[in-house]
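The values are calculated or read from the model by the stated rules, or taken from the named source; none is laboratory data. Here the structure is a predicted model, which is why all the values come from computation and not from measurement. Cβ placement follows ideal geometry from the backbone for every residue including glycine, while neighbour counts extend to all protein chains displayed. With ligands, DNA and RNA removed, areas are computed over all heavy atoms of the protein, side chains included. Shrake-Rupley method; radii C 1.70, N 1.55, O 1.52, S 1.80 Å.
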Amino acid sequence: MFTHIMIGSNNLERSRAFYDATFTALGGKPGERDERGRLIYDHDGGRLMITRPIDGHPATVANGGTIGIAAISADHVRAWHEAGTAHGGTSIETPPCERPNGVFVAYLRDPDGHKLTARTKARR
């Protein structure tokens, strides 16, 4: 359904440190910059792009928005959460935990305030 998710940042180098650490913790690769200077992260068929807003105004976060990132194991979710908090992210909601449906989940805000979650698939 989606080709990519684009979010704004007021400091691309700070974002790069955070997202490189968190995607590497999930087994992904560090981001790459495109010809427009945007950071691009490809992971498990999805693409997250981070840019300075085109209109020149400061980047702001989506109220009520959450970006979900797939993880293959609870250990990956924990590593993602640890890498995020070590690189400018803020732990939010509950600590990394398993939900009643078997999903192992953690939540962070990135350095610009975007709400993120890493989670495993639900048990069937």
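Structural remarks
- Some residue of region 69-88 being among the aliphatic types (A, V, I, L, M), touching a helix residue (DSSP H, G or I) at 6+ places or on another chain (Cβ under 7 Å) and at pLDDT below 95: yes
- Considering only residues in region 65-86 that are open to solvent by less than 80 Å² (accessible area, probe 1.4 Å) and in a loop (DSSP other than H, G, I, E, B), the one that is nearest to Leu116 (Cα to Cα) turns out to be Thr66.
- Residue within region 16-26 that is aliphatic (A, V, I, L, M) and assigned to a loop (DSSP other than H, G, I, E, B) present: yes
- When Ala106 is tested against (1) under 12 Å from the mean Cα position of the chain (by Cα); (2) closer than 25 Å to Arg38 by Cβ, exactly one condition is not met: (2).
- Cross-chain or 6+ apart pairs with Cβ under 8 Å, region 46-60 first and within 22 Å of Phe23 (Cα to Cα) and open to solvent by less than 70 Å² (accessible area, probe 1.4 Å), then of a type in the set (Gly, Ala, Ser) and not in a loop (DSSP other than H, G, I, E, B): Gly46/Ala70; Ile50/Gly8; Ile50/Ser15; Thr51/Gly8; Ala59/Gly8
- Considering only residues in region 87-105 that are of a type outside the set (A, V, I, L, M, F, W, C), touching a strand residue (DSSP E or B) at 6+ places or on another chain (Cβ under 7 Å) and within 18 Å of Leu26 (Cβ to Cβ), the one that is most open to solvent (accessible area, probe 1.4 Å) turns out to be Glu98.
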